[in-house]
Every structure is written in C-alpha cells, then in structure tokens.
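Step one of this worksheet: look at the structure below.
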Amino acid sequence: MKVDNAESGAEAAIHVHKVGKTFDSHVKIQALQEVNFTIPQGEFVSILGPSGCGKSTLLRVVSGLIDPDEGGEVRIFGHRQSHRDMSDDVGVVFQTHNMLPWDTVESNIRLAAEVRKLPKQELDKRIDALLPVLKLEKFRGSYPHQLSGGMRQRAALGQILVTRPKVLLLDEPFGALDALTRDQLNVELLRLWQEMRQTVLLITHSIAEAVFLSDRILVMSEHPGRIIEDIRIDLPRPRDPRTSKEAVEFGRYVARLGQIMGVD
Ligand SMILES: Nc1ncnc2c1ncn2[C@@H]1O[C@H](COP(=O)(O)OP(=O)(O)OP(=O)(O)O)[C@@H](O)[C@H]1O
C-alpha cells in the first residue's frame with residue numbers, strides 16, 4: 001500500500017512511527033516501546049544500545065520479518081511494511097551468514113538473486129562486477145568452509161548486494177569477527193556505500209564503529225527499547241580509518257556517546 005502524504009514519511013527511505021513490540025510466549029516481554037524515527041534516502045544510520053534493549057527486534061520489524069504491535073507502522077519509501085507484504089527495496093544481512101554449504105560462493109550469490117527473476121545476462125554482469133568489489137574474485141568457485149570468517153561475511157553481503165536493495169539493514173554483520181578483520185570490513189563497507197549510496201541502518205555494539213561509519217546515530221534505552229538520543233555525526237567524508245579516528249572531533253563523539261551509554 002502506498003501513501004503520498006509527507007507527514008507519513010512517504011518521501012523517506014525508512015519511516016518508523018509509534019512502533020512497539022511485545023512478545024507473548026510463556027512470559028510477556030515488551031521489547032520495543034513507541035519507537036519513532038525517519039531516515040531520508042542515502043543516509044547511513046547506526047543504532048547503539050545496551051544488550052537486550054531491542055535492536056534486533058527493531059531491525060526485524062523494519063525488514064518486515066515481524067510485524068509491530070497494533071498502532072505502530074513502518075514505511076519503506078511510502079510502502080507499509082508487513083510480514084505479508086515485504087518491500088522489495090530492502091535487503092538484510094545478519095551476524096551469521098546464510099550460505100548453503102554445498103554451493104560455491106558464486107552459486108550462493110546467484111541463488112540469492114533468483115527471487116528477483118533477473119535475466120541471466122544481467123545477473124552474470126552484476127556478479128562479475130560485485131566479486132572484485134568484495135575481493136572474492138579468486139574465490140568464486142570456493143565453498144563456504146574453504147573461506148575465512150571475513151570472506152564468508154563478505155560473500156553474505158554479496159548475496160544481498162546482488163539484488164541492489166535501496167535500503168540495507170545490517171544486524172552486526174561483522175560482530176563475530178576479530179577486531180582487525182572487522183575494521184577492514186568496515187572500511188570496505190564504507191567504500192561500497194560511498195559508491196552506491198543506499199540507505200543503511202546498522203546495528204552495532206561498537207561506539208567507534210558507529211561514529212566512523214555513520215551520518216547519524218540513534219541510541220536506544222535499556223529494555224523496553226526507545227530512542228533516547230539522535231546524534232548527527234558531522235565528520236567530513238570520505239572517511240579514512242587513520243585520519244578520521246585521530247581527529248579531535250571523532251574522540252569527542254566517542255566520549256559523548258560513552259557518557260550517554262554509561263560506558264566511559
Ligand atoms: N522471538 C522472541 N520471543 C520472545 N522474546 C523475544 C523474541 N525476540 C526477542 N525477544 C526479547 O526481546 C528483547 C529484545 O531482544 P533483542 O534481540 O531485540 O535485543 P538486542 O538489543 O538486539 O540484544 P543484543 O544486543 O544482546 O543482541 C529481549 O528481552 C529478548 O529476550
């Protein structure tokens with residue numbers, strides 16, 4: 001369903017309005033409480049918050065994998081997200097990859113694009129362009145178990161990027177990797193975003209990672225999750241891990257966020 005009323009966030013890439021979520025299994029857990037925010041097209045936004053505050057739940061609601069409680073809504077370019085009618089404009093990457101162990105990197109990426117029913121020639125072209133960007137060209141014929149953790153997560157990113165989603169939702173995609181690999185992949189992610197300029201919503205536990213990558217950081221409260229701060233990161237782009245992280249302003253943002261989150 002489309003709406004074109006500006007107040008509803010129809011112009012925005014992501015519009016989250018009065019989103020709450022209560023899980024009602026054997027115990028009732030209110031994971032989210034009245035979450036509101038709007039992200040314009042092309043912005044890179046990170047979500048920080050304490051463990052268990054509802055970050056993954058929020059990302060799953062934005063992706064359409066689960067529906068919010070009644071009264072709340074998510075719109076993607078004006079399309080009302082729901083479990084039954086998920087927007088084609090959204091791609092999601094989780095912490096653990098989704099690759100079939102018996103298929104090569106290339107077939108896994110190919111398979112992920114099949115739902116979009118792209119003509120074979122177009123898909124070949126996209127895969128040929130994507131593999132070098134992900135530094136996986138030499139590994140297109142390798143199986144997941146033959147790759148390092150970082151390569152597997154790059155391939156998982158490839159499975160989503162091949163569909164060219166306008167909105168990229170990332171749930172700690174590099175969270176399980178060692179710090180060095182994670183830093184390298186963040187630099188690559190930033191390079192990709194600088195080229196493609198999709199709208200990105202990233203969940204992370206790392207304040208420095210959020211400041212380095214983002215235009216804006218949303219901070220969530222303890223459970224039940226609400227947005228308690230919305231901070232614009234006015235650091236110049238393009239960003240470079242050495243120079244950007246050494247800048248005084250970078251340190252100021254990290255310190256301020258540390259204070260808000262009680263980890264300074
Ligand atoms: N499917 C579910 N059924 C019941 N409760 C759930 C479900 N998914 C999440 N929860 C609960 O909702 C709350 C928020 O969980 P969520 O995974 O969204 O937090 P998070 O901020 O992503 O946590 P972390 O940073 O530790 O990954 C938690 O209390 C969790 O137990």
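How many residues does region 38-49 contain that are touching a residue at least 40 places away in the same chain (Cβ under 8 Å), out of contact with any helix residue (DSSP H, G or I) (no Cβ under 7 Å at 6 or more places or on another chain) and either of a type in the set (S, T, N, Q) or surrounded by 15 or more Cβ atoms within 10 Å (Cβ to Cβ) (or both)?
Total satisfying the criteria: 5.
Restricting to region 190-204, and then to whatever is closer than 22 Å to residue 11 by Cα and among the polar types (S, T, N, Q), can you tell me which residue is nearest to the ligand (Cβ to nearest atom)?
Checked region 190-204; the qualifying residue nearest to the ligand (Cβ to nearest atom) is 199.
Does region 175-184 contain any residue that is under 28 Å from residue 227 (Cβ atoms), touching a His at 6+ places or on another chain (Cβ under 9 Å) and either within 16 Å of the ligand (Cβ to nearest atom) or in contact (Cβ under 8 Å) with a residue 40 or more places away in the chain (or both)?
The answer is yes, given that some residue of region 175-184 is under 28 Å from residue 227 (Cβ atoms), touching a His at 6+ places or on another chain (Cβ under 9 Å) and either within 16 Å of the ligand (Cβ to nearest atom) or in contact (Cβ under 8 Å) with a residue 40 or more places away in the chain (or both).
Select from region 219-264 the residues that are of a type in the set (Val, Ile, Thr) and surrounded by 15 or more Cβ atoms within 10 Å (Cβ to Cβ) and write down the one among them that is farthest from residue 59 (Cα to Cα).
254
Go through region 194-214 and report how many residues are surrounded by fewer than 18 Cβ atoms within 10 Å (Cβ to Cβ) and more than 14 Å from residue 254 (Cα to Cα).
4
State yes or no: is residue 46 away from the ligand (no atom under 12 Å from the Cβ) and within 20 Å of residue 210 (Cβ to Cβ)?
So residue 46 passes the test.
Only one of 105, 35, 27 is surrounded by 14 or more Cβ atoms within 10 Å (Cβ to Cβ) and either within 13 Å of the ligand (Cβ to nearest atom) or within 20 Å of residue 215 (Cβ to Cβ) (or both). Can you tell me which?
35
Among the residues of region 155-184, how many are of a type in the set (A, V, I, L, M, F, W, C), out of contact with any strand residue (DSSP E or B) (no Cβ under 8 Å at 6 or more places or on another chain) and buried (at least 20 other Cβ atoms within 10 Å of the Cβ)?
Qualifying residue count, region 155-184: 3.
Pick out, from region 1-54, the strands (runs of 3 or more DSSP E) lying fully within it that include 3 or more residues that are over 17 Å from the mean Cα position of the chain (by Cα) and modelled with pLDDT of 95 or more.
Per the criteria, 14-24, 28-39.
Just checking, how many residues over region 13-31 are touching a helix residue (DSSP H, G or I) at 6+ places or on another chain (Cβ under 9 Å) and within 26 Å of residue 165 (Cα to Cα)?
Of the residues in that region, 6 qualify.
The values are calculated or read from the model by the stated rules, or taken from the named source; none is laboratory data. The model shown is predicted, which means the values in this text are computed figures rather than measured ones. Cβ sites come from the backbone with ideal geometry, for glycine too, and all protein chains shown count toward neighbours.
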